[in-house]
1. I'm trying to understand the selection: among the residues of the stretch A:32-72, which are surrounded by fewer than 20 Cβ atoms within 10 Å (Cβ to Cβ), at the interface with another protein chain (Cβ under 8 Å from one of its Cβ atoms) and β-branched (Val, Ile, Thr)?
2. Just one of (1) at the interface with another protein chain (Cβ under 9 Å from one of its Cβ atoms); (2) of a type outside the set (Ser, Thr, Tyr); (3) surrounded by fewer than 21 Cβ atoms within 10 Å (Cβ to Cβ) trips up A:LYS129, so point out which.
3. Being polar (S, T, N, Q) and either within 10 Å of B:GLY222 (Cβ to Cβ) or touching a residue at least 60 places away in the same chain (Cβ under 8 Å) (or both) is the filter here, so list the residues in the stretch A:71-103 that pass it.
4. Working only within the stretch C:247-264, note down all residues that are within 7 Å of another protein chain (Cβ to nearest Cβ) and crowded, with 24+ Cβ neighbours inside 10 Å.
5. For the subset of the stretch B:270-281 comprising residues that are of a type outside the set (A, V, I, L, M) and facing another protein chain (nearest Cβ under 9 Å), which member is surrounded by the most Cβ atoms within 10 Å (Cβ to Cβ)?
6. A:SER29 - would you say it is within 14 Å of chain B (Cβ to nearest Cβ), within 21 Å of A:THR255 (Cβ to Cβ) and either buried (at least 16 other Cβ atoms within 10 Å of the Cβ) or in contact with a His (Cβ under 6 Å, 6 or more places away or on another chain) (or both)?
7. Got at least one residue in the stretch B:299-311 being touching a residue at least 24 places away in the same chain (Cβ under 8 Å), away from chain A (no Cβ under 14 Å) and more than 14 Å from the chain's Cα centre (by Cα)?
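The values are calculated or read from the model by the stated rules, or taken from the named source; none is laboratory data. These numbers come from a predicted model, not from an experiment. Here the Cβ positions follow ideal geometry from the backbone for every residue, glycine too, while neighbour counts run over all protein chains shown.
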Amino acid sequence: MSNESEKLLIVNNLATTFSTAGGPLPAVSGVSFEMLRNETIGIVGESGSGKTVLSRTIMGLQPRTNVVVTGSVLLNGNEMVGASEDFKRGLWGTEVAMVFQDPMTSLNPVMRIGKQIDESLRVRLGMSKVDAKARAIELLELVGIPSPAHRYSAYPGQLSGGMRQRVVIAIALACSPKLLMADEPTTGLDVTIQAQILNLLDELKERLHMSVVLVTHDLGVVATRTSRIIVMYAGRIVEIGDTRDVFHHHRMPYTRALLESSPKVSNASHTRLTTIPGRPPNLLKLSDGCSFAPRCSYATDRCHNERPELQPADEPAHSFACWNPLPTTRGASA
Amino acid sequence: MLRYVTRRILMLIGIIFIISIGSFYLIHLLPGNITVVIEGPGASPANQAKLFKLLGLNKPIYVQYFVWIKNVLSGNLGTSFISQTSVVSTIRAAFPIDLEIMVLSQVLAFAAAIPLAMRSARKPDGPLDRVLSAGSFTLLSVPPFVIIVLMVLYFAIKLAIPNIGPSSYVSFSQDWITNLESLSLPAITLAIGSFVLYFRVLRSDLIATLQEEFITMARSKGISQRRIMWRHAFRPSSVALLGAAGINIGGLLAGGFVVQYLLSIPGLGYTLISAINQSDYLLVQGIVLVVAVGVVLINFTFDFIINLVDPRISRE
Amino acid sequence: MSNAFSMESAGELALTEEILHIEKPEKREPLGIFFWICVGWIALNIIGAIFANVLPLQNPLYQDYGAINTAPSLHHIFGTDDIGRDIFARVVYGSRISITVGAGAMLIGFGLGAPLGMLAAYRRGRFDLILSTIMYIFLAFPAIIATIAVLSFWTPRTLLKIIVVIGLASVPLVYRVIRTATLSVATKDYIIAAKVQGATDRRILLKELLPNIAPIGISFLLIGIATVVVLEGSLAFLGLSVNPPTPSWGNMINEARTVLAQNPWLVIFPSLAMCLFLLSLNFIGDRLRNHFDVTEVKL
């Protein structure tokens, strides 16, 4: 579909397994996908679907102990799996950076925010103290913090949640990364602030020519901002495709369940949202079959005993993993 | 912050007030005729009358307290009837020695505890951590007076290293090298106790801090492990360390008694024990007052430093 | 918020944390063999202290001028001191003082501090505020200075006075530990439920709170006894505890310091006895605390 140099990220058969007291815990398994430059991809799934672990593994930011990563992650030509911490450190910040989930815990509470931005500039880019400060104030302005020179010396505790998340974004942008991993960047924020932050990310992506991986549980968030969507369940990709296809021509019952449980503006008020029955599976006790089978109304014996692999759908670059896919809705309106 | 400081200062005044009452009342624990007990049976009636007047013993006890506290505040803690020198000047001569031992021991303790705790916390339950944790736990059960006796036994007697054993103290101004040598065993003894405490407190807090999200965040910036440890993990983890240090340094003034006593180093501790053995009660009272107030002031100072280190505390 | 079911962030975060922080053991830490060795050692010490005069020991006060400063031998397994007394007998007898002072002082400390701490945490309000402020003030200066001060004036020194002074000095510390422990339990739902159902205060305190804070209390009691033993040892070392010739570990070490060069055994054995006793107490206390997973209460 495009030549190799346009591919920023190639993930191949990636698996992340934690060793726990209860045995090996496969948080991510068999994940493969590719990503182009300047693309925005959405990774969607419930709690415990492995999306946070996946985003950290792609970056090589998994914990240093009690974890085994196999497969391959080629980030701008650099293999991240099995790379030394020193090697990865050279890529973090400049090639790939992360916007963390919860701005309440991801900023150092006893360090002035300006210093937290400065640090990357001085250590990674070798800027002088004065230059770094000037640039940090520019970054604060860029992410929309009012009176940035004044806020430079504030502690995180003196800022609101939305402001803190802007600071987190400023830190991630400090060294102009080519790829930005945004892990639930708005989950900890008020609804009104969520849109502001997402719009800010969109705008910055265009201005700074970045690629963005947007990890979220909220399909509403990815609907208009991504070109492609990956749906995850129990550590595996269960459906992947262009955003339009996933929204309108999804084949995996789980994707539909996710969509039906999200509120839509088009719904009449007081419309009841559908909930997905049951709970996400215990990753320590996965069956041989489809992990969604216990919660799926279409499940057959085969679903319980044999795991479906990803298979192509009608549309290009659209695949799903299901033995009893939903009928294709091609041609009909969704 | 201001409210917090005001509250703490009020508390401090209350504590010092209670210490002063306690120190004042000590004299009244003495059995029998106070002036005779203090000055000894051979005291002249004139001296007895002088002390009687100084203590205001014919007046009600609360008046006696005011007489006493007025004297204390004007810098008069009485005169030792044994050495005939003023209690204040004796304390002034002895105190710098305690200070020197304390500073030496704390420099040693922190210099060992901080880097070792960082190494331990980097790999909890790793080989180094296991050795250090078990070792520090064992040392926790060795009292300072045992450490100092065993060190004297080994270094001063068995190895016969000069200038470190009992009665080898010389003042800093006289010969600073010999002075440092003579204070080395006391400083190391107190450093061992402090090290154990600091290491354990800092290690467990560092382990907790290193699991925080902001550490992963710092890691994702691509800065070195060393920098993450010192710039990001150390400061938020040092609150409990400072708290422990504040209490410990206060206690060290007292722990110094034991080492000074064994080595005949004329600091406050040795002076106090000698005064007790010679029944020099006014000197004992003076030292107790000064040490207790000193300890409280040290604790207060550390509370204040903790606030500067972690701005979250006074805000809560 | 925007979703009506299980996809809320808290759940995701909890699972992430669960995955990322797997080093934390989830099960109760086993007590281990060393724990039971320590328990056995303490038991042996207590038995030795109680039955010292029944056991086949030599007289700890008998001075055998034919055997002065001898090294360990079959006849005197720990050797003899500078006036020919049997060190082994003196070490065994010496445990009496340490154990008596440790147990006695903690009896006073817990007898006063524990009920007050529980009441303060249970009642809260002004009672708690006033009591806690007073205790905080007394906590501010080290017990060793207070005990030295009082014991140097309150002469003559007897075992009872020493126990009372150290015991009273420990009250604020016990108070604080028990109060913190009770607070963490008293706000739990089942206590509130018991209150709502009209259970009497007495019943809640004794039947609901006490069993829950007992593990913390016992663990702190052991560590407290160890601390008191060190304090008494320091006093004895300074010559401020019970007077010789009654042996105690502390005063044996104090006496030994004048003959260090001639007779190192005289300091090594009582030191060893004391350190092993302390190590056992500390280890048992620490293990119990981990076992009952009460580490959030700072001891």
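1. A:THR65
2. Evaluating A:LYS129 over (1) at the interface with another protein chain (Cβ under 9 Å from one of its Cβ atoms); (2) of a type outside the set (Ser, Thr, Tyr); (3) surrounded by fewer than 21 Cβ atoms within 10 Å (Cβ to Cβ) leaves (1) as the failure.
3. To start, the set of residues in the stretch A:71-103 that are polar (S, T, N, Q) comprises A:72, A:76, A:78, A:84, A:94, A:101.
Selection gives A:SER72, A:ASN76, A:THR94, A:GLN101.
4. Within the stretch C:247-264, just C:ILE253 meets the criteria.
5. Only one residue fits best here, namely B:TYR281.
6. no
7. Yes, the stretch B:299-311 contains at least one residue that is touching a residue at least 24 places away in the same chain (Cβ under 8 Å), away from chain A (no Cβ under 14 Å) and more than 14 Å from the chain's Cα centre (by Cα).
To keep it simple, each residue is scored yes or no on (1) of a type in the set (Val, Ile, Thr); (2) under 25 Å from B:HIS232 (Cβ atoms); (3) out of contact with any Ser or Thr (no Cβ under 8 Å at 6 or more places or on another chain).
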{"site": "B:ILE101", "(1), (2), (3)": "yes, no, yes"}
{"site": "B:ALA113", "(1), (2), (3)": "no, yes, no"}
{"site": "B:ASP129", "(1), (2), (3)": "no, yes, no"}
{"site": "B:TYR154", "(1), (2), (3)": "no, no, yes"}
{"site": "B:LYS158", "(1), (2), (3)": "no, no, yes"}
{"site": "B:PRO186", "(1), (2), (3)": "no, no, no"}
{"site": "B:VAL196", "(1), (2), (3)": "yes, no, no"}
{"site": "B:VAL201", "(1), (2), (3)": "yes, yes, yes"}
